[in-house]
Amino acid sequence: MSTTNPAVPAVPAVPTAPEASEVTRARRTGGDLVVESLAALGARTVFGLPGQHALGIFDALRRSALRYVGLRVENNAGFAADAYARTTHGVAPLLVSTGPGALMTLAALQEAAAGSAAVLAIGSQVPLAGIGGGRHGYLHELTDQSASFRGVVKSVHTARTASQIPSAVAAAWASALSAPHGPVWLEIPQDVLLAPVDVPPVAELTVSVPELRPRAELIAAAADRLAGARTPVILAGGGVVRAGAEAELLALAERLRAPVATTFGGKGAFPWEHPLSLRSWLEDRHTTRFLEDADTLLVVGSGLGELSSNYHTFRPRGRVIQIEADLGKLESNHAALGIHADARQALGALAAAVAERVGEGERGSAAADGGAVGTDTPGTPDTPEAAVAGLLARVRERIDGQGLDLEQQVLAAVRDALPDEGVSCWDMTILAYWAWSAFDARRPNALHSAQGAGGLGYGFPAALGAAVAEPGRPVLAVSGDGGAMYSIAELATARQYDLPVTWLIVDDGGYGILREYMTDAFGQATATELTRPDFVALAESFGVPALRTSPERLRTDLAAALASPGPSVVVLPALLRMFAPTHLAP
């Protein structure tokens with residue numbers, strides 16, 4: 001695919017160093033080694049935004065078969081790469097420049113780290129003479145650029161010569177893909193990228209990504225506990241989705257007849273309508289109590305952090321087994337039989353081990369004979385399926401008692417409008433908070449949000465990345481008016497690449513969730529009210545079809561927009577409210 005837009009004439013770069021003026025279209029440079037290395041490792045698409053020091057890479061792109069998707073802000077390019085990596089379960093290269101361009105990616109890379117997205121960020125550096133803190137006064141110069149990334153990404157890499165580039169790219173790629181997936185940073189000086197190279201093109205690069213297998217004795221111990229449990233329950237987190245372990249989770253849950261709740265990051269890990277599905281109502285005391293009552297709780301791919309533990313109010317009374325690929329999260333919040341392993345590897349081994357302990361003709365856990373968790377009367381004979389139904393009924397009763405008909409109507413309209421094969425990407429907005437708990441993703445790995453790091457502006461650029469990753473699927477982005485302003489420039493990106501993304505903007509005149517938080521805490525809100533544009537007119541100025549809808553017309557209007565080719569915008573003026581929290585109750 002061509003990496004230039006024929007409608008926009010190329011603007012020649014101004015040489016900034018003697019090496020730049022010597023580069024000709026017939027000569028390969030360090031930049032070619034970068035793109036050749038990416039292609040050799042299997043990359044097909046790269047995201048980014050050019051800058052003066054990185055022009056060697058971007059010049060090389062036009063000599064490669066890589067598809068380039070350029071966004072208007074580096075942070076948004078990072079969000080697009082994040083969603084691409086989540087959607088493909090692979091590596092998403094992100095190309096940016098030195099200094100301000102590099103630093104603009106940090107919020108996106110923090111989200112990639114929290115969400116275990118394998119983003120390979122490659123940035124330029126000042127010329128070699130300026131590296132090391134010598135303060136030579138180069139444009140974009142930082143005393144130690146890589147230091148800005150060390151607390152955010154999995155690993156930091158540097159190539160100081162052309163011959164180091166292929167191996168450095170391969171090492172960064174392997175780090176991003178090792179369990180748990182995550183972002184990495186690689187930087188290369190400007191003069192190294194521009195210098196001619198006299199080596200053959202990179203034809204082959206191989207990386208070895210070790211499988212994070214569980215230790216056999218830990219699987220045996222966990223299988224013994226689960227097979228002997230009277231009331232086993234499973235909490236599935238984002239690690240299950242990132243590992244593609246949905247089938248293994250389903251097999252284990254059905255073997256045990258264990259109810260399964262999913263964290264917000266783990267949505268789609270377990271079928272929503274399954275009779276054992278507790279769904280995702282984690283900010284609910286009924287669900288918290290259900291998990292607490294389990295005599296054996298299996299936590300997979302979650303560190304039981306703030307949101308997954310109902311703001312650290314979760315207090316397990318039974319034994320906990322935790323499977324986690326991120327060593328730093330293992331037993332970080334609760335004592336457990338900790339198994340450091342990839343979720344797919346561990347769940348597969350555990351399902352096989354449990355099957356050996358539970359006969360083929362048996363019904364699974366001892367809960368089938370009575371005493372399932374979650375009953376109103378402790379010890380009342382029940383089945384796991386009935387206990388799940390009872391829990392969901394109590395959650396529904398609590399929500400229905402709060403006068404939140406509009407919110408439920410809007411969320412239902414969105415769900416009905418989005419085809420089952422569609423993908424949704426959610427910004428930090430009240431409707432997204434509802435979706436974390438109440439939205440059925442319908443299929444694995446089809447709902448992405450910024451709930452890991454919690455930064456604004458994720459929804460729309462992430463949807464662009466998902467659309468690139470899964471061409472042909474309808475993609476929905478959901479933002480509030482405040483978050484939409486973070487990424488409004490990417491309407492131009494959507495139009496330029498004709499990406500089939502429908503952007504639903506819920507316009508409530510400000511930072512709605514912060515308005516609620518401040519009003520609840522202080523009696524009134526400060527700095528939450530916003531002047532905003534006419535989003536319909538603004539979208540149309542980019543050549544993107546747009547309309548203003550209402551809660552009553554939302555389902556029809558949104559479905560029509562999603563069925564139309566190319567990008568579109570639907571604006572819903574609505575003041576939505578959150579359901580009452582339960583972690584603040586005595």
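The values are calculated or read from the model by the stated rules, or taken from the named source; none is laboratory data. What you see is a predicted model, and the numbers here were worked out from it, not measured in a lab. Methodologically, a virtual Cβ is constructed for each residue, glycine included, from the backbone with ideal geometry; neighbour enumeration extends over all protein chains shown. Note: areas computed on protein heavy atoms with side chains; ligands, DNA, RNA excluded. Shrake-Rupley method; radii C 1.70, N 1.55, O 1.52, S 1.80 Å.
Spin-label model, LEU327 to ALA203: label points 7 Å out along the Cα-to-beta-carbon direction sit 3.8 nm apart. Along region 278-284 the Karplus relation, 6.51 cos²θ - 1.76 cosθ + 1.60 evaluated at θ = phi - 60°, assigns HN-Hα couplings of 7, 6, 10, 7, 7, 8, 8 Hz to successive residues, with x for each Gly and Pro.
Taking all protein chains together and a 1.4 Å probe, the residues GLU36, GLU254 rank GLU254, GLU36 from largest to smallest accessible area.
Note on ARG160 and GLU273: their simple-model spin labels are 6.1 nm apart, each label 7 Å out from Cα toward Cβ.
Computing volume of the Cα convex hull per residue in Å³ for the structure here picks out one of (i) 206; (ii) 161; (iii) 152, namely (ii). Relative contact order, whole percent, for the chain stands at 12, derived from Cα pairs under 8 Å and 6 or more residues apart. When peptides 415-421, 167-173 are ranked by their average number of other Cβ atoms within 10 Å per residue, the highest-first order is 167-173, 415-421. Modelled spin-label separation between LEU406 and ARG315, with each label point placed 7 Å from Cα along the Cα-to-Cβ direction: 3.8 nm. For region 170-200 versus region 40-88, the spacing of their alpha-carbon centroids is 13 Å. Taken one residue at a time, the phi angles of region 473-482 give Karplus couplings (6.51, -1.76, 1.60, θ = phi - 60°) of 8, x, 10, 10, 10, 10, 9, x, 5, x Hz. Gly and Pro are set to x. Between the amide H of VAL320 and those of LEU297, LEU337, distances stay under 5 Å, these residues lying 5 or more places away or on another chain, with hydrogens modeled in the peptide plane. In this view, the solvent-accessible surface of MET104, computed with a 1.4 Å probe and all protein chains in place, comes to about 90 Å². Hey, what angle do you get for helix 216-227 against the long axis of the chain, alpha-carbon based, 0 to 90 degrees rounded to 10? The answer is roughly 40 degrees. Proximity of backbone amide H atoms, modeled 1.01 Å from N, is registered between ARG279 and THR262 at under 5 Å, excluding neighbours fewer than 5 places apart on the same chain. With all protein chains kept in place, the per residue accessible area of the chain amounts to 38 square angstrom at a probe of 1.4 angstrom.
Viscosity 1.002 mPa s, temperature 20 °C: give me the Stokes-Einstein translational D for region 449-560 in µm²/s, with Rh taken as the Kirkwood radius over C-alpha pairs. Mind showing how you got there, number by number?
Details: Rh = 15.2 Å.
In µm²/s, the coefficient rounds to 141.
The accessible-area ordering, largest first, of the residues ILE188, ILE488 stands as ILE488, ILE188, per a 1.4 angstrom probe. Under the rule a/c < 1.5 gives rounded, and otherwise a/b versus b/c splits prolate from oblate, where does region 42-156 land using the Cα gyration tensor? It is oblate, given that a/c is not under 1.5 and a/b is not larger than b/c. In the chain, helical runs assigned H by DSSP with n ≥ 4 each contribute -39500 (n - 2.57); averaged across all residues and rounded to the nearest 500, the mean residue ellipticity at 222 nm is -10500 deg cm²/dmol. Let me know the shape class of region 173-258, please: from the alpha-carbon gyration tensor, a ≥ b ≥ c as square roots of the eigenvalues, rounded when a/c is under 1.5, otherwise prolate if a/b is greater than b/c, or oblate. It comes out prolate by the Cα gyration axes.
For region 33-140, the carbon plus sulfur part of the accessible surface works out to 55%, probe radius 1.4 Å. Amide H contacts of ALA574: ASP507, ASP508, each under 5 Å away and 5 or more positions distant or on a separate chain (H built 1.01 Å from N in the peptide plane; Pro and chain starts excluded). Going by accessible surface with a 1.4 Å probe and the largest first, LEU411, LEU106, LEU139, LEU584 read LEU584, LEU139, LEU106, LEU411.
Mind running the shape call on region 400-468? Use the C-alpha gyration tensor, a ≥ b ≥ c as the square roots of the eigenvalues: rounded below 1.5 for a/c, prolate if a/b tops b/c, oblate otherwise.
In terms of gyration-tensor shape, oblate.
Computed FRET efficiency, Cβ-Cβ of ALA65 and SER167, R0 25 Å: what is it to the nearest 0.05? It comes to 0.70.
Computed 3J(HN,Hα) for region 83-93, one whole-Hz value per residue from the Karplus formula 6.51 cos²θ - 1.76 cosθ + 1.60 where θ = phi - 60°, is 5, 4, 5, 5, 5, 8, 6, x, 9, 10, x, glycine and proline marked x. Relative to the longest principal axis of the C-alpha atoms of the chain, give the angle of the C-alpha long axis of helix 554-563, reported between 0 and 90° and rounded to the nearest 10°. The two axes meet at around 50 degrees. Straightening the chain between HIS583 and LEU547 buys 9.1 nm, computed as 0.36 nm per residue apart minus the Cα-Cα spacing.
Full extension of the chain segment joining GLU540 with ALA147 gains 137.3 nm, where the gain is 0.36 nm per residue of separation less the Cα-Cα distance.
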